[in-house]
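This report refers to the structure that appears directly beneath it.
Since every read-out is calculated from the coordinates, none of them should be taken as a lab result. Keep in mind the model is a prediction, meaning the values are calculated, not measured. Cβ coordinates were reconstructed from backbone atoms using ideal geometry, including for glycine residues, and neighbour counts include every protein chain displayed.
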Amino acid sequence: MTPPAPLRLAILTVVRNDCAGLADTYDSLRGELGPGIVWLVADGASTDGTAEWLAGHADVPLWWRSARDSGLYDAMNDALAAAGRLGCSHVLFLNAGDRLAELGSGMRLLQAIARHPDCALLYGDALERLGDGRILLKRARSHRWASLGMFTHHQAMIYSVSALAGLCFDSGYRIAADYDFTLSVLKRGRAERLHWPVCLFAAGGLSQRDATAGRHEQTAIRRRHFSHGAAHAAMIAMAQRVALALRHHLPALYAKLRFRCPEI
């Protein structure tokens, strides 16, 4: 009987011209990296000192590159391919500026992976830093509601590499390729909810800066994955617009409805 392959979680980070954010992500990985947890970094030919920072810390990432690419999802595909070549069993995407939720999160994730070896996807809650500096807990929704949109932050999702064979991010989507990718993974195996925060999400990313374009892409992605009619799609789009308007115009109310104080 062939023994199971050893668990190896790869933290995949993509960055372009955000050296400070990259250093912040690295700070959250201090004490976490080792044989079971490795860091891979894809830099899109930054000009702000990021490549120099990586060269100066070349002993920390197991793999890194600094080269021109066609954008966020192209870089994520490069990092994902590297994780496969290096024999990693699972991957977690933390973009520059994102952090693990707390010290010891890496070992906690490895333990969760070991308890659910046959899961294609593990996902948990996320911490989010608000504009006033508060850090609050944003609970994940069930993956069974994936037709409504991403059910937690992408940075709180752990994918099994064995479930990703032949799968990559569709760079034809500028904002929502992670949603398309996750829906494809859910078709390939079981998902398991972790009832604790995985990441501290760095707000202000592209999906938040251009939410309207992101909603349009999500609508197109739903057409590919679900058999919903036009009326159902319109209802989901309307609900997303209401939530976005609430977050922008009544942030205190949105925070009260969507966030909780973290219990960590």
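The spacing between segment 18-63 and segment 84-160, judged by their C-alpha centroids, is 19 Å. When the alpha-carbon atoms of segment 1-117 are used, the pair Rg, Dmax equals 14.2, 51 angstrom. Of the trypsin sites (Lys or Arg not before Pro) in segment 42-103, the ones in a loop by DSSP (not H, G, I, E or B) with at most 15 other beta carbons within 10 Å are Arg68.
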